[in-house]
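Read the figures in this text as sums done on the coordinates, not as results from a lab. This structure is a prediction, so every number in the text was calculated from the model and none was measured. Cβ placement follows ideal geometry from the backbone for every residue including glycine, while neighbour counts extend to all protein chains displayed.
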Amino acid sequence: MGVGELGRGIRVLVCENDAVMRSALGELIASIPGLELVGAAADVDGAVEQAAATAPDAVIIDVRMPAGGGARAARLIRRRLPSARLIAYSAHADRDAVLEMLRAGANEYLVKGVDDEELIEAIGRTGRGRIGLPPVQL
């Protein structure tokens, strides 16, 4: 089942501290049928506020966000929106980073640099309640 075949769009919030990356992710998501960009945030506090205001289905969370990091953002968002699906997005795929995000409530972990198709597939998996992890030794 493709992203556009879900019946309604997957509502996506992008939480990324780098403005260029945040903009690129937002533009990509907005361009894909079946996905709806509902907001963007640059730090943990903004991520939590945007999540509470927009009730996204999926949240892309930069693991190294300012004001406490992606794990803090994931924990706070998970408390407010237990059904939200969280996608950790990081330049780091080391065991500790992956485990920290999983413990914080992430459902998916992607390493920055994945191609657009892989990111879109991950959002689709997450929107359907599936879990995905990078190939790391746990």
> Using the Cβ atoms and a cut-off under 15 Å, what net charge is assigned to the surroundings of MET101, where Lys and Arg are +1 and Asp and Glu are -1?
Replying inline: +2
>> What distance in nm separates the two pseudo spin-label positions at HIS92 and ARG79, each 7 Å out from Cα along the beta-carbon direction?
In response: 2.3 nm
> Fully extended, how many nm does the chain gain between SER31 and VAL114 (0.36 nm per residue separation, minus their Cα-Cα distance)?
Replying inline: 28.1 nm
> So how do 29-40, 83-94 stack up, highest first, on mean other-Cβ count within 10 Å?
Replying inline: 83-94, 29-40
>> Looking at segment 15-127 only, what percent of DSSP beta bridges run antiparallel? Nearest 5 please.
In response: 0 percent
>> Only four residue types carry charge here, +1 at the Cβ of Lys and Arg and -1 at the Cβ of Asp and Glu. Report the dipole size of segment 1-107 about the Cα centre in Debye, rounded to the nearest 20.
In response: 440 debye
> Counting only residues 5 or more places away or on other chains, whose amide H sits under 5 Å from the amide H of MET65 once H atoms are built in the peptide plane?
Replying inline: GLY70
